[in-house]
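Here the structure is laid out as structure tokens; the discussion comes afterwards.
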């Protein structure tokens, strides 16, 4: 996608991270659902989400775990993702060869609007970071770089991606490609769904001699199922 590649090529270079070597901690959705509804919990979702929206840079990796995976229980979550009305405008700006200050401002504005539909999109957080850098706003750029890194690290903490049993857990397909980029890998133009509901993405030749990465999409399929059931109930 040109909009994303432009950001990568022109805006910044984030150091490649090493694969997670710690014991994987896959999300326990039952526990997450209980925790984020508990008003006495530090992860009570309304308060935690407000801290995120207020650009609180002290949020921990565990906070991001509850933010990202807890968002599954938010009414705005969509397993299908969101097609923003701003995408065409974003592409139009992204296709320009020369960007004026107004173009950079618009690029930032459109991406911030897209985040309103889903505030936990690593690729969009990355583009916002790049836009702020282009506008020489170091303070806001740093905020969004931290958001991007901590959200990506929270996903990486759920597995190692080497097998379906230790796959990275994601709530949107687009996040799989963001994780690949964060790890320093390039998609190898091959994707398949395993019988155990894992997405396997082939990657291009790399120093780790890794052929592909696994992503657990069971919760994503549950989201699809919930959407279909909700649609059936409305039609009756």
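Starting from residues that are touching a residue at least 40 places away in the same chain (Cβ under 8 Å) and either in a helix (DSSP H, G or I) or closer than 18 Å to residue 150 by Cα (or both), keep the ones in region 64-76 and report whichever is farthest from the chain's Cα centre (by Cα). Can you show your working first?
First pass over region 64-76, keeping only residues touching a residue at least 40 places away in the same chain (Cβ under 8 Å): 64-65, 67-69, 71-73, 76.
Adding the requirement that they be either in a helix (DSSP H, G or I) or closer than 18 Å to residue 150 by Cα (or both) leaves 64-65, 67-69, 71-73.
Values: 64: 11, 65: 12, 67: 11, 68: 8, 69: 11, 71: 12, 72: 13, 73: 16 Å.
Residue satisfying both the conditions and the ranking: 73.
Consider residue 116 carefully, then state whether it is out of contact with any strand residue (DSSP E or B) (no Cβ under 9 Å at 6 or more places or on another chain) and at pLDDT below 95. If you could, list the steps in order and put the result at the bottom.
Working: out of contact with any strand residue (DSSP E or B) (no Cβ under 9 Å at 6 or more places or on another chain): yes; at pLDDT below 95: yes.
Here the answer is yes, as residue 116 does meet what is asked.
Quick check: is even one residue across region 185-192 in contact with a helix residue (DSSP H, G or I) (Cβ under 8 Å, 6 or more places away or on another chain), buried (at least 20 other Cβ atoms within 10 Å of the Cβ) and either in contact (Cβ under 8 Å) with a residue 40 or more places away in the chain or closer than 30 Å to residue 103 by Cβ (or both)?
Initial filter on region 185-192 (in contact with a helix residue (DSSP H, G or I) (Cβ under 8 Å, 6 or more places away or on another chain)): 186-187.
Then drop every residue that is not buried (at least 20 other Cβ atoms within 10 Å of the Cβ), which leaves none.
No, the conditions are met nowhere in region 185-192.
Within region 141-155, the only residue that satisfies the criterion of being more than 16 Å from the chain's Cα centre (by Cα) and either crowded, with 20+ Cβ neighbours inside 10 Å or in a loop (DSSP other than H, G, I, E, B) (or both) is 141.
Are any of the residues in region 156-167 under 23 Å from residue 76 (Cβ atoms) and surrounded by 18 or more Cβ atoms within 10 Å (Cβ to Cβ)?
Yes, there is a match, as at least one residue in region 156-167 is under 23 Å from residue 76 (Cβ atoms) and surrounded by 18 or more Cβ atoms within 10 Å (Cβ to Cβ).
Do we have any residue at all in region 115-135 that's within 24 Å of residue 46 (Cα to Cα), more than 16 Å from the chain's Cα centre (by Cα) and part of a helix (DSSP H, G or I)? Within region 115-135 (the criterion being within 24 Å of residue 46 (Cα to Cα), more than 16 Å from the chain's Cα centre (by Cα) and part of a helix (DSSP H, G or I)), the answer is no, since none of the residues qualifies.
The values are calculated or read from the model by the stated rules, or taken from the named source; none is laboratory data. Worth saying up front: this structure is predicted, and the values here are computed from it rather than measured. Cβ: placed from backbone, ideal geometry, glycine included. Neighbour counts: every protein chain shown.
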